[in-house]
1. Does any residue of the range A:158-173 turn out to be within 12 Å of another protein chain (Cβ to nearest Cβ) and out of contact with any helix residue (DSSP H, G or I) (no Cβ under 6 Å at 6 or more places or on another chain)?
2. State which residue is least open to solvent (accessible area, probe 1.4 Å) when the search covers only the range A:149-179 and only residues that are touching a Pro at 6+ places or on another chain (Cβ under 9 Å) and in a loop (DSSP other than H, G, I, E, B).
3. Which pairs do you get when a residue that is under 14 Å from A:Phe164 (Cβ atoms) and within 7 Å of chain B (Cβ to nearest Cβ), found in the range A:98-122, comes within reach of a residue that is open to solvent by less than 10 Å² (accessible area, probe 1.4 Å) and among the charged types (D, E, K, R), reach meaning Cβ atoms under 8 angstrom, with the pair 6+ apart or on two chains?
4. Could you tell me whether any residue of the range A:202-209 is charged (D, E, K, R) and closer than 20 Å to A:Ile56 by Cβ?
5. Name the residue that is least open to solvent (accessible area, probe 1.4 Å), counting only residues in the range B:157-185 that are part of a loop (DSSP other than H, G, I, E, B) and within 11 Å of another protein chain (Cβ to nearest Cβ).
6. In the set B:Leu246, B:Leu221, B:Leu206, B:Leu259, which member is over 30 Å from B:Arg39 (Cα atoms), open to solvent by less than 10 Å² (accessible area, probe 1.4 Å) and more than 14 Å from chain A (Cβ to nearest Cβ)?
7. Could you tell me how many of the residues in the range A:23-53 are under 17 Å from B:Phe234 (Cβ atoms) and part of a helix (DSSP H, G or I)?
Amino acid sequence: MVSGKLPSISRKAVFETPYLRFSRMDEFSRLGVSAVGLALQDAGLDEWTSKREVGIVVNTVYGCLHTDLDYFETVTPENGAFASPALFSYTLPNCFLGEAAARFGLTGPGYVITEQGNSGLSSIRAVLEDMDCEDFESALAGICDLGCPPEFPIDANIIPGAAFVVVEKKPDMGLKPYGSLHLSPAQEIFFNKTRILDFSALIKACVKQLWGL
Amino acid sequence: MAAEVWITDATAVTALGRNLDELWQQLLSGHSAIAPVERFSVKGYKSRFAACIEDLNCSGAFSAIRDLLGRLYKEMGPVPADTRLYTATTKAGIDNLERMRRNESVDISDILVGEIAKQVGRQLGLICPGTNISTACASSAIAVAKGAALIAAGRAECVLVCCADLVTEFVFSGFSALGAMSPNPSMPFDRLRSGLTLGEGAASVLLMKAERAKREGRPHLGTVLGWGVASDAFHVTAPAPDGRGLSAAVKQALKRAGLEPEAISAICAHGTGTVHNDHMELTAFDQLFGDRRLPVYSIKGAIGHTLGAAGGIEVALGLKSLSEGLAPPTLGFSKGEDNTVDRVSSQPVAIPGNHLLSTNSGFGGINAALILAKGRGA
C-alpha cells in the first residue's frame, strides 16, 4: 500500500452527534476513536441503549509517541511547573480505547499490543485467540499509528492511519458479515479461506466482498 | 476441559528488595522504600517522594530499563525456548526520550514499547518473538490473564510474563500535573489518603501447563485459577465510582475459577492511595463480598505504584503470601473509613484459606482480576 498524508480528522466527518470530548483528545486518540466509530457504523452497531460486552484490541508501533514528545515539551521549562495534565492524560496508548469504550458503551477487555513485524495482524490474531479461549465473543480488532514523528530517528516504515474490523464469534442474524476469519495452528490468518498477509489485505478483501469483485 | 495453569517461577526486583524473598521480608518488617527522589529535580512538583532502586544505572546510552531487566534475568530460573513471551510496560525506556530532548546521545529504540519484548526474547533465547501489552496499570495483570487463557485453552504450554516500569521525570511530572500524587508517602485505604507515590520495579511470572511442569519437575508455586478483564466504559482517567468494571472483572474470574465469593481468602488490591481508586475498589468489594470481612492489602505504600509492572509484582508476591499464609501489612494505612474495618491492616494478617484475589485498574477505565491458588511448593 502506498502511504499518503494523513488528513486532519474532524468530529463532523465521523460523528453525527455532538462529541465534546473529541476536541480534547490527542491526535492519536482522535484517529483511533474515529476508526472504531466507522467500523461500528459499518457493522450497524454504533447506536446502543445498554452497554455491551465488546472488547477492543489494537496493534500499534509508535503508539502515542507524538503526544509523549508534545507533553515533554511542556515539562522542560520551569522544572515542570507548567506540565500539561491534558496532554499527560493521553500519554498511554490505551487511553483512546477508554474513550471509545465510554462513547460506544463497550465493557469488554481492551488492550494495546505491539509485536515485531509490520503486518498489523497481531490484533486480529489476539482477538481470535481470545475468542478461542472464551474470553469474549465480540470485539474490534485494529491498527492505529500516526507514523514516525518527524524528529524521531527510527522509522519503522509504518503507514499512518487506523482501521478496525468488528469480529463476532456468533454473529447476530441482523448483521451482514464480510466473511469469516480463521487462525491456523501455525498462527496464520485466513479470511474466507484465503491467507491474509497484512491488515490492508484484509480490508481490501472486505471491500472486494462489498462490491462483489 | 481446560488445562490447569501452574506458576513455576516468579521473581521481582523492586526498590524494597533485589528479589522476591528480600521484598517479602522487608514488607513483613514494615519497611518502606519510599524516599526523597534524587534522580531528577522535583522542585516544581507536588511531591518529592518515590520508591527508586538506589543504584539503578541511569546514565550511558541505554535506558535504565535495561539495567532493571538485567537484574530480573539474574533472578529468573530456566525458561524453555518454546515459551510464548508477553512483556508488559506502560512507558518502557521513556527516560531516553527525556535525555534525547536534552540533546544527550542515547539509544532511542529503548523508548518504543515493542523493543522491550524484542530485548527480553533475545536475552532468553526464545523461539517465538514476544508481544508487548500496554494497558496502563493493568498491563501485567492482563498479560498474566492472557497467558493463563492460552494455556488453559491448549494454545500454549509455557507463557512467560515479564513486566517493568521506571520512575522517570516524564511520569512523575505528569501525575503531579494531574494532582494525583500524594505530597507525602502514599497511604492506601487511609481516610487521609491524598494520592499515589510512584515506584519502579520488574517481575517475571512463568506459567506452565501442569502436565508439562510435572514432567519437567518444575516447582508448583501456585495455580492461576481464574481471570477476568473488563472496561468501565466511563472515563479515561477516573474510575467508575460504583466499581462496575472491577466487579465485572472479578465476577468473570470467579466464574472461570468455578468459585463462589466465599472461597476467596484475601485480596491483594490495586490500592494506589488516590481518593477515587481506593473508594472504587472498596465499593466493588462491598458489592462482591457483602459484609464479609476478609484481608485486603496494598503494597504500594511500601514499594510505590510501579504502573505496568504492578500486577506482575503483586502476583509474584501473592504466591509468597499464599505459601506463608500471611497478608502483608498495608504501609501508610492508619485509620480508614468504615468499610476498611477488619479488612485493611498496617500489620501482617493471617490468610484463612488458599485463594487470593489480585486486582488492578488503570487509565482508560480498564480493570483486571486474577485468582491464585496456593501451590504445593518445590
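1. If we filter the range A:158-173 for residues that are within 12 Å of another protein chain (Cβ to nearest Cβ), which is where we start, we get A:158.
Remaining after also requiring out of contact with any helix residue (DSSP H, G or I) (no Cβ under 6 Å at 6 or more places or on another chain): A:158.
Yes, there is a match, as at least one residue in the range A:158-173 is within 12 Å of another protein chain (Cβ to nearest Cβ) and out of contact with any helix residue (DSSP H, G or I) (no Cβ under 6 Å at 6 or more places or on another chain).
2. Result: A:Pro171.
3. A:Ala101/B:Asp232
4. Residues of the range A:202-209 charged (D, E, K, R): A:204, A:208.
Applying the additional criterion that residues be closer than 20 Å to A:Ile56 by Cβ yields none.
No, the conditions are met nowhere in the range A:202-209.
5. Of all residues in the range B:157-185, those part of a loop (DSSP other than H, G, I, E, B) come to B:157, B:166-168, B:179-180, B:182-185.
Right, trim to within 11 Å of another protein chain (Cβ to nearest Cβ) and you get B:168, B:179-180.
On the way: B:Thr168: 5, B:Gly179: 47, B:Ala180: 21 Å².
It comes out as B:Thr168.
6. Values: B:Leu246 fails: more than 14 Å from chain A (Cβ to nearest Cβ); B:Leu221 fails: open to solvent by less than 10 Å² (accessible area, probe 1.4 Å); B:Leu259 fails: open to solvent by less than 10 Å² (accessible area, probe 1.4 Å).
Testing whether each residue is over 30 Å from B:Arg39 (Cα atoms), open to solvent by less than 10 Å² (accessible area, probe 1.4 Å) and more than 14 Å from chain A (Cβ to nearest Cβ) leaves just B:Leu206.
7. 4
Let's see how each residue does on (1) small (Gly, Ala, Ser); (2) within 14 Å of chain A (Cβ to nearest Cβ); (3) open to solvent by less than 70 Å² (accessible area, probe 1.4 Å):
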| position | (1), (2), (3) |
| --- | --- |
| B:Asp9 | no, no, yes |
| B:Val13 | no, no, yes |
| B:Trp24 | no, no, yes |
| B:Gly30 | yes, no, yes |
| B:Lys43 | no, yes, no |
| B:Ser47 | yes, yes, yes |
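The values are calculated or read from the model by the stated rules, or taken from the named source; none is laboratory data. Treat the numbers as computed from the prediction; the structure is a model and nothing was measured. FYI the Cβ positions are ideal-geometry reconstructions off the backbone, even for glycines, and counts take in every protein chain you see. Side chains are part of the model used for accessible areas, which takes the heavy atoms of the whole protein and leaves out ligands, DNA and RNA. Shrake-Rupley method; radii C 1.70, N 1.55, O 1.52, S 1.80 Å.
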